Amino acid sequence: MRKLIFDHALLPTGWEQNVGIEVARGVIRAVHPRAAPDGFERVAGVALPGLPNLHSHTFQRGMAGLAETRGPEGDSFWTWRQVMYRFLGNLTPDDVEAIAAFAMMEMLEGGFTALAEFHYLHHDTDGRTYDDPAELATRVAAAAHETGMGLTLLPVFYAQGGFAGAAPTEGQRRFITDLQLYSKLVEGARRAVASMDDAVVGVAPHSLRAVGPRSLGEILALAEEGPIHIHVAEQVKEVEDCLAWSGQRPVAWLLDHAPG
Ligand SMILES: [Zn+2]
C-alpha cells in the first residue's frame, strides 16, 4: 500500500486540498480530503481522475511516423488511408496484440484509464476469416487485460466500400463482414471480455458510407445494453457523398433515420 498526498485533487465534490490517496496494486483504495500529512508521501502537482479515451484504433500506433510527413500536392485523408491500408496488410495477431498493449501502456502513462476501441481489423492478411472470427478482438481484449486498461470494445461492422452499396476495395479486405459474421464477432468479443472486471462490448457501424440503412437497423439490435458508436463523418468528401446519396448531411440523416 502506498499513501500519497497531493496539495490539490479534483474529487466528485470539486477541488479539495491536502488529499491523501491510498493505492494498492495500482488501484485507488481510499481517498481522504484534508488529510493530515503524517505517513503520506507528498507528490508535486495536482491529481485528476483518470480520463477516458473515447475513440481509438490501437493498431495505428504502429504506423506512427509513416504518414506524418506532407506528401506531394493532393495529399489528404484519403492518401493517409492508403498508407494505413498498406501498413495493416502485414499485421499478424501477435502484432495486433503487442501494438495494442504498447499503445495502452502509453495511454495509461498519459493519464487515460479507460478506452473505447473502435475495432475494425477483423480478418487475416488475405481477407480470410480466422478460425475464431473474433481472433483480433480477443487480442485487443488481452492487451487491455495485460495493461489494466478499462475497455469498451466496439467491433465494427463494415459492409461496403462507399455509399449506395459500392464494392469494397482490396485495402478493405480485413474489415468486411456480413451480418451473420458480424453477430459472431460481437458474441466472440463478449466472450473475450467476460472475465474482465472493467470491460464492456458495444456495436459500431463504421460509417454511413460503409453501412447501408437496412443493415444499420439490424446491427443496432445487437447492442443490447452496450453503447453504439459510429464515425458520423470523417471528411468533407464524405459529407458531400452523403448529400449526393440522400440529400442530407450525415448528422441530419442519422437524426431522421436512426432510432433515438
Ligand atoms: Zn476512427
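Quick notes
The rows are residues; the columns are (1) on the phi > 0 side of the Ramachandran plot; (2) surrounded by fewer than 20 Cβ atoms within 10 Å (Cβ to Cβ); (3) not in a loop (DSSP other than H, G, I, E, B).
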{"position": "Thr177", "(1), (2), (3)": "no, no, no"}
{"position": "Ser183", "(1), (2), (3)": "no, yes, yes"}
{"position": "Gly188", "(1), (2), (3)": "no, no, yes"}
{"position": "Arg191", "(1), (2), (3)": "no, yes, yes"}
{"position": "Leu208", "(1), (2), (3)": "no, no, no"}
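- Filter result (in contact with a Leu (Cβ under 7 Å, 6 or more places away or on another chain) and over 29 Å from Gly162 (Cβ atoms)) within segment 72-106: Met104
- The listed residue being farther than 23 Å from Met149 by Cα and out of contact with any strand residue (DSSP E or B) (no Cβ under 8 Å at 6 or more places or on another chain), out of Asp38, Asp7: Asp38
- Verdict on Val83 being among the aliphatic types (A, V, I, L, M) and farther than 22 Å from Asn53 by Cα: yes
- Considering only residues in segment 218-255 that are of a type in the set (Asp, Glu) and closer than 30 Å to Ala189 by Cα, the one that is surrounded by the most Cβ atoms within 10 Å (Cβ to Cβ) turns out to be Glu238.
Each reported figure results from applying straightforward, stated rules to the coordinates on display, with no laboratory input. Since the structure is predicted, the reported quantities are computational estimates derived from the model, not experimental observations. Cβ sites come from the backbone with ideal geometry, for glycine too, and all protein chains shown count toward neighbours.
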